[in-house]
Amino acid sequence: MAEQKFIEVRGAREHNLKNIDVRIPRDELVVITGLSGSGKSSLAFDTIYAEGQRRYVESLSAYARQFLDMMEKPDVDHITGLSPAISIEQKTTSKNPRSTVGTVTEIYDYLRLLFARAGTPYSPATGLPIEAQQVQDMVDRVMALPEGTRGYLLAPMVRDRTEGIPQGTPGPPQAGLPARQGGRDLLRDRRGPGARQEAAPRHRHRRGPDRRSRGPGDAPRRQLPHRARPRRRHRRAGDRAAGG
């Protein structure tokens, strides 16, 4: 079935509408203007919205419908290209300037749930989809890098702006780990006012033809600070390696 690009209303006679026909483009911002009493609200709210809401409620189960108010069918011959509709009253008690259509209509939380469960998240840094990976998948990705690529296996220590390292926790220097990488102090990597991202290198790796035999378990095992989690960074062949 071809996607409909218009909402077509035929023979609308609700309230003071005089058997009008109208074609409204979908997926666009449409403004209905006119003199007072010309039928703007009768068309937008009492015809289009009422029919969209009525069809949506009819699609629910009988158990769900008993908790919802069923709107009457508007006086119209037929409407095509209609989707489930929402409406916002012109007079609202909310004075929050940060309010959006999602928060005012209380569908924001449901949209977050929908996108979290049914959507595909993408990394803002690389533009690639974010997906769960097994250890073998990670190894295969590393082995697919160009030969000679240098990489580090890093373990973040601090993940947000407020969390601190517990007192007495040994840092990377005390744990026998280098404290600098790429000319940056790993203990003072400032990305913004008050932000701090600490990372401790766990393993250096160079991509070569005979490196697949060294699996993830062959990396040197060193004691990590509290709440450290590994992550990976790689550099291209020919790039200058950072000194410890």
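Summary of computed values
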{"item": "Of all residues making up the range 3-15, the number that are outside any strand (DSSP E or B) and closer than 13 Å to PRO74 by Cβ", "result": "3"}
{"item": "Qualifying residue in the range 82-104 (condition: farther than 30 Å from GLY11 by Cβ, in a helix (DSSP H, G or I) and free of Cβ contacts under 8 Å to residues at least 12 places away in the same chain)", "result": "yes"}
{"item": "Breaking point among (1) over 31 Å from the mean Cα position of the chain (by Cα); (2) surrounded by fewer than 11 Cβ atoms within 10 Å (Cβ to Cβ); (3) not acidic (Asp, Glu), for ILE32", "result": "(2)"}
{"item": "ALA64 being of a type in the set (A, V, I, L, M) and over 19 Å from LEU17 (Cβ atoms)", "result": "yes"}
{"item": "Residues of the range 8-56 that turn out to be of a type outside the set (Gly, Ala, Ser) and farther than 22 Å from MET70 by Cα, as a count", "result": "22"}
{"item": "Pair list, Cβ < 6 Å and 6+ apart or interchain, from the range 122-137 residues that are assigned to a loop (DSSP other than H, G, I, E, B) to residues that are surrounded by 10 or more Cβ atoms within 10 Å (Cβ to Cβ)", "result": "SER123/ILE130; ILE130/PRO121"}
{"item": "Members of the range 39-59 that are closer than 23 Å to GLU89 by Cβ and part of a loop (DSSP other than H, G, I, E, B)", "result": "GLY39"}
{"item": "Cross-chain or 6+ apart pairs with Cβ under 6 Å, the range 31-55 first and within 15 Å of ALA85 (Cβ to Cβ), then assigned to a helix (DSSP H, G or I)", "result": "ILE32/LYS40; ILE32/ALA44"}
{"item": "Some residue of the range 28-38 being of a type outside the set (A, V, I, L, M, F, W, C), closer than 22 Å to LEU111 by Cα and either assigned to a helix (DSSP H, G or I) or not assigned by TED's automatic domain parsing to the domain that holds ARG112 (or both)", "result": "no"}
{"item": "Those residues of the range 1-29 which are among the charged types (D, E, K, R) and over 31 Å from the mean Cα position of the chain (by Cα), in sequence order", "result": "GLU8, ARG10, ARG13, GLU14, LYS18, ASP21, ARG23"}
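The values are calculated or read from the model by the stated rules, or taken from the named source; none is laboratory data. Since the model is a prediction, treat every value here as computed from it, not as a measurement. A quick note on method: Cβ atoms are made from the backbone with ideal geometry, for glycine too, and the neighbour counts reach across all protein chains shown.
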